[in-house]
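Engineer: Starting off with a structure, shown below.
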Amino acid sequence: MLLRPRHFIPPGTKIDFVSARWWAFGLTIALMVVTIVSLFVQGLNLGIDFKGGILIEAKSANTIDVGALRSGLETLGLGQTELQEFGGGNEILIRVQRQEGGEEEQQRAVQAVREKLGQEYEYRRVEVVGPTVGSELLRAGLLATSLAVLAIAVYVAFRFEWQFGLAAFLATLHDVFVTVGLYSVLQLDFNLTSIAALLTLAGYSINDTVVVFDRIRETMRRQKITNLRTVINDSVNQTLSRTTMTAGTTLVALLPLLFMGGQTLRNFSLAITWGILVGTYSSIYVAASLLLYMPPLRRMDLAPAKQQ
């Protein structure tokens, strides 16, 4: 007995996404303006990875209670403190913000942490990271993100046409940029994990966009007399079920991490959740509609699209 495929969006759905592009463009511009203003006014809340600080890697003979350990370290008054558990639950990486003063203040903070942990810990690594190294890490992280977005655009341009590559670049850049804006507006810690979140988001966003572009190309080959506006609407409607189900199932996996993953994963999960929502909206409303404002696609003979 053959099972019929189930569709989250009913087949034959005819939503005029192109007509709603001005609302989408308006929302896009608003999000980017908020991001720019926030970055200029309050900037990013740089974490220890980028501001510099103290790194302590320690191993315990017993399983570590991260919550109790975090509460104990907060009583030391050393400022921002981050804990990352690994190695089967008995190893911990502690990051403490750089203390005001010179090297003596940093060593005093290290000693305070050692005393709080007690004798049961074996110290694998103790480092003091200066602000110069932190700023280099920040530049390298942002450069890596920018190059990743650019490489994605080059691939799409090679795989399809340069118009698709430019549209994909603008849409992906928008998704990554407004996610940086989320970090700035909410003053979330921006650290190396945040760079990982941005790179993950860029890959997820372009995956949705490429699916829509591939359907546009396929539709153009089947319907050579159809104008581009109709091609975009048909293609987005045909991939809408796949797009929404992909976003939905990803969110099902992310929401438990967001609400129950603890402080370590909360910022990462929040950024990815926001990025999925923004990336899904930009794939549906923004990326494809940008093709209307570019030179005609060379490979397909399309009637001129009517502007609205």
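Engineer: Which one of these does I195 not meet: (1) closer than 18 Å to L142 by Cβ; (2) surrounded by fewer than 17 Cβ atoms within 10 Å (Cβ to Cβ); (3) among the aliphatic types (A, V, I, L, M)?
Structural biologist: Just one mismatch for I195, condition (2).
Engineer: Within region 160-174, can one find any residue that is touching a Gly at 6+ places or on another chain (Cβ under 9 Å) and more than 14 Å from A287 (Cα to Cα)?
Structural biologist: Among the residues of region 160-174, not one is touching a Gly at 6+ places or on another chain (Cβ under 9 Å) and more than 14 Å from A287 (Cα to Cα), which makes the answer no.
Engineer: Quick check on this structure: which one of R229, R242, R222 is among the basic types (K, R), buried (at least 19 other Cβ atoms within 10 Å of the Cβ) and in the same structural domain as A144 (by TED's automatic domain parsing)?
Structural biologist: Values: R242 fails: buried (at least 19 other Cβ atoms within 10 Å of the Cβ); R222 fails: buried (at least 19 other Cβ atoms within 10 Å of the Cβ).
So the residue among R229, R242, R222 that is among the basic types (K, R), buried (at least 19 other Cβ atoms within 10 Å of the Cβ) and in the same structural domain as A144 (by TED's automatic domain parsing) is R229.
Engineer: What are the residues in region 169-182 that are at pLDDT below 90 and touching a Phe, Trp or Tyr at 6+ places or on another chain (Cβ under 9 Å), if any?
Structural biologist: If the condition is that a residue be at pLDDT below 90 and touching a Phe, Trp or Tyr at 6+ places or on another chain (Cβ under 9 Å), then D175 is the only one that fits.
Engineer: Across region 68-90, what is the number of residues that are at pLDDT below 75 and more than 12 Å from E57 (Cα to Cα)?
Structural biologist: Within region 68-90, residues that are at pLDDT below 75 and more than 12 Å from E57 (Cα to Cα) number 2.
Engineer: Looking at Q99, Q119, Q84, Q80, can you tell me which residue is surrounded by 12 or more Cβ atoms within 10 Å (Cβ to Cβ), more than 27 Å from the chain's Cα centre (by Cα) and of a type in the set (S, T, N, Q)?
Structural biologist: Q99
Engineer: Let me ask another. For region 79-129, give me each residue that is among the aliphatic types (A, V, I, L, M) and touching a strand residue (DSSP E or B) at 6+ places or on another chain (Cβ under 8 Å). Please lay out each step first, then the result.
Structural biologist: Going through region 79-129, the residues among the aliphatic types (A, V, I, L, M) turn out to be 83, 92-94, 96, 109-110, 112-113, 117, 126, 128-129.
Passing the criteria: L83, I92, L93, I94, V96, A109, V110, V113, L117, V126, V128, V129.
Engineer: Additional query: Tell me yes or no: at least one residue of region 99-106 is free of Cβ contacts under 8 Å to residues at least 12 places away in the same chain, assigned to a helix (DSSP H, G or I) and out of contact with any Pro (no Cβ under 9 Å at 6 or more places or on another chain).
Structural biologist: Yes, some residue in region 99-106 is free of Cβ contacts under 8 Å to residues at least 12 places away in the same chain, assigned to a helix (DSSP H, G or I) and out of contact with any Pro (no Cβ under 9 Å at 6 or more places or on another chain).
Engineer: Would you be able to say whether some residue in region 140-152 is in contact with an Asp or Glu (Cβ under 8 Å, 6 or more places away or on another chain), touching a residue at least 40 places away in the same chain (Cβ under 8 Å) and of a type outside the set (G, A, S)?
Structural biologist: no
Engineer: Another one. Can you tell me which residues in region 59-77 are exposed (fewer than 14 other Cβ atoms within 10 Å of the Cβ) and either out of contact with any Lys or Arg (no Cβ under 9 Å at 6 or more places or on another chain) or assigned to a helix (DSSP H, G or I) (or both)? Even if it seems obvious, please write down each step before you answer.
Structural biologist: If we filter region 59-77 for residues that are exposed (fewer than 14 other Cβ atoms within 10 Å of the Cβ), which is where we start, we get 61-63, 65, 67-68, 71, 74-75, 77.
Correct list: A61, N62, T63, D65, G67, A68, S71, E74, G77.
The values are calculated or read from the model by the stated rules, or taken from the named source; none is laboratory data. Quantities reported herein were computed from a predicted structural model and do not represent experimental measurements. FYI the Cβ positions are ideal-geometry reconstructions off the backbone, even for glycines, and counts take in every protein chain you see.
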